[in-house]
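The values are calculated or read from the model by the stated rules, or taken from the named source; none is laboratory data. These numbers come from a predicted model, not from an experiment. Note that we place each Cβ from the backbone using ideal geometry, even for glycine, and neighbour counts take in every protein chain shown. Heavy atoms of the whole protein, side chains included, go into the accessibility calculation; ligands, DNA and RNA do not. Shrake-Rupley method; radii C 1.70, N 1.55, O 1.52, S 1.80 Å.
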Amino acid sequence: MAFPIRSSMLGAAALCLALGGQSAQAQFPDRAITMVVPTAAGGGNDTLARVIGQKMGELLGQTIIVVNKPGAQGAIAADYVARQPADGYTLMLGYIGTHGINPALQKLNYDPVRDFTAIGMVADSPTLMVVNSGIGVQDVPGLIKYGQAHPDGLSYASAGPGTAPAVAGELFNRATGAAMLEIPYKGSAPAMTDTLAGVTQVMFPSLFSAYPHLKSGKIVALGVAGARRAKVLPDIPTLAELGVQGVDVAQWYAVFAPANAKPEVVAKLNTALNGALNDPAVVRKIDEQGAEVRTSTPDELAAFVRDEAVKWKRLATSIHAAL
C-alpha cells in the first residue's frame with residue numbers, strides 16, 4: 001500500500017481544530033504520554049521516536065517520554081504495550097520487525113493486528129547491504145570472492161533472529177550460495193558498532209541506521225535490498241539490478257496504541273503525528289538520517305499491517321527452517 005509523502009493537508013487551522021476538538025476530546029491528554037521503543041537506545045528506531053515524540057508533545061501540549069524496552073526482537077516491548085490500558089497514554093514505535101517479520105516467524109504473546117490500534121505511519125527506509133570498509137570490498141562480486149577466499153571469516157551482523165537484517169542476510173545467502181555466518185545482536189545499534197569495528201564484515205541495516213556511517217566512510221554500501229534505489233544514494237543499485245533476486249526487505253516505522261483505543265483519542269494522536277511529520281524541521285532530521293517521511297490515516301496503516309502479516313507469513317513458510 002502506498003502512503004502519501006509529506007502530506008500538506010494538515011494546515012494550521014485544521015490542526016488546531018482537531019487538537020482542540022469537542023469537550024470529550026479536550027480531556028486528552030492531561031498528563032505525559034509514554035512512547036515505547038522496542039530497540040536499544042542509539043539505533044534508528046530510537047532516533048526516530050525522539051524526533052517525532054518531541055514535536056508531537058508540543059502539538060498535544062504534553063511531554064512524550066521515550067522509553068527503550070529492547071529484547072526478543074521487539075517482542076518484549078510489543079507484549080508490554082499490548083497489555084497497557086487503551087487510553088492513549090502508552091504508545092509504541094513499531095516497525096517491520098515487531099509488526100511484520102517476527103510474528104510471522106514464531107508464536108508470540110501478542111498479535112500485531114488484533115492487539116494494537118493503528119495510529120499512523122511515520123517513515124520508511126530501504127535496507128542496505130553494507131560492508132566494513134577495511135576489508136577492501138567495493139561490490140557484490142568482490143564480496144563473494146572475499147567469502148570464497150575466507151570461508152571461515154565472513155559473517156554478517158543482525159539485530160537478532162527474526163529482524164529485517166537477519167532475514168535479508170538469509171535471503172542473500174540463499175540467492176547467491178554464500179555461506180555468511182549470522183552473528184545476532186540485541187538490536188541494530190550494537191550490531192552496527194561491531195560492523196564498524198570489523199568484528200563482523202557485513203550487515204543489512206536500514207538506510208536510516210547506516211547513513212551517518214556511510215558519510216564517514218567507515219562502511220561501504222554494496223546494494224539496496226529493496227525494489228527501488230534510495231533517493232539519497234542514487235548511484236547504489238538494487239541487489240536485483242546486480243542479479244541477486246528475492247532480497248526485498250524495505251523497512252518501515254509506525255505508531256501504535258493498545259487495541260480498542262477510543263476513536264477520538266486515535267484521531268487526536270493521528271493529527272498530532274501527521275502534524276509533526278509535516279514540520280520542516282522534523283522532515284529535515286528524518287531526511288538527514290536517510291529515511292523518508294510517510295503519513296497515513298489509522299485505517300490505512302491498519303490495512304497495511306494486515307497485508308504485511310500475510311506477506312511475511314508466506315515468506316516464513318519457505319525460509320523458517322533456515323532461520
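Tabulated values for the structure
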read-out: Candidate set from the range 70-94 (those that are modelled with pLDDT under 95 and outside any helix (DSSP H, G or I)); member that is nearest to Thr295 (Cα to Cα); value: Pro70
read-out: Residue that is farthest from Leu239 (Cα to Cα) [pool: residues in the range 179-188 that are open to solvent by 30 Å² or more (accessible area, probe 1.4 Å) and of a type in the set (A, V, I, L, M)]; value: Ile183
read-out: So Lys215, is it part of a helix (DSSP H, G or I), open to solvent by 30 Å² or more (accessible area, probe 1.4 Å) and basic (Lys, Arg); value: yes
read-out: Cβ pairs under 9 Å, 6+ apart, first in the range 128-143 and under 25 Å from Ala250 (Cβ atoms) and modelled with pLDDT under 90, second among the β-branched types (Val, Ile, Thr) and assigned to a strand (DSSP E or B); value: none
read-out: Members of the range 41-57 that are in contact with a strand residue (DSSP E or B) (Cβ under 8 Å, 6 or more places away or on another chain), closer than 19 Å to Ala72 by Cα and buried (at least 20 other Cβ atoms within 10 Å of the Cβ); value: Gly44, Asn45, Asp46
read-out: Options Lys268, Lys311, Lys285: the member that is among the basic types (Lys, Arg), touching a residue at least 60 places away in the same chain (Cβ under 8 Å) and closer than 30 Å to Phe172 by Cα; value: Lys311
read-out: The range 78-112, subset surrounded by 24 or more Cβ atoms within 10 Å (Cβ to Cβ) and among the small types (Gly, Ala, Ser), residue nearest to Asp279 (Cα to Cα); value: Gly94
read-out: Pick from the range 223-265, criterion over 17 Å from the mean Cα position of the chain (by Cα), outside any loop (DSSP other than H, G, I, E, B) and touching a residue at least 12 places away in the same chain (Cβ under 8 Å), ranking: surrounded by the most Cβ atoms within 10 Å (Cβ to Cβ); value: Gly223
read-out: Matching residues, the range 176-207, being under 25 Å from His99 (Cα atoms), among the small types (Gly, Ala, Ser) and touching a residue at least 60 places away in the same chain (Cβ under 8 Å); value: Gly187, Ser188, Ala189, Ser206
read-out: Test: Gly74 is closer than 18 Å to Tyr185 by Cα, touching a Ser or Thr at 6+ places or on another chain (Cβ under 6 Å) and buried (at least 17 other Cβ atoms within 10 Å of the Cβ); value: yes
read-out: Qualifying positions in the range 268-323 - crowded, with 22+ Cβ neighbours inside 10 Å and assigned to a strand (DSSP E or B); value: Val293
read-out: Scan of the range 195-206 for residues that are open to solvent by less than 40 Å² (accessible area, probe 1.4 Å), under 28 Å from Gln148 (Cβ atoms) and of a type outside the set (Val, Ile, Thr), ordered by number; value: Gly198, Gln201, Met203, Phe204, Pro205
read-out: Residues satisfying the stated conditions in the range 150-187, i.e. modelled with pLDDT of 85 or more, under 17 Å from Val199 (Cα atoms) and of a type in the set (D, E, K, R); value: Glu182
read-out: Selected residue [in contact with an Asp or Glu (Cβ under 6 Å, 6 or more places away or on another chain) and of a type in the set (A, V, I, L, M)] from Ala82, Ala168, Ala118, Ala72; value: Ala82
read-out: Residue check for Pro29: modelled with pLDDT of 85 or more, in a loop (DSSP other than H, G, I, E, B) and either buried (at least 16 other Cβ atoms within 10 Å of the Cβ) or under 21 Å from the mean Cα position of the chain (by Cα) (or both); value: yes
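Residues are listed down the side, and each one gets a yes or a no for (1) aliphatic (A, V, I, L, M); (2) surrounded by 22 or more Cβ atoms within 10 Å (Cβ to Cβ); (3) more than 18 Å from the chain's Cα centre (by Cα):
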| position | (1), (2), (3) |
| --- | --- |
| Ile119 | yes, yes, no |
| Val131 | yes, yes, yes |
| Gly142 | no, no, yes |
| Gly160 | no, yes, no |
| Ala168 | yes, yes, no |
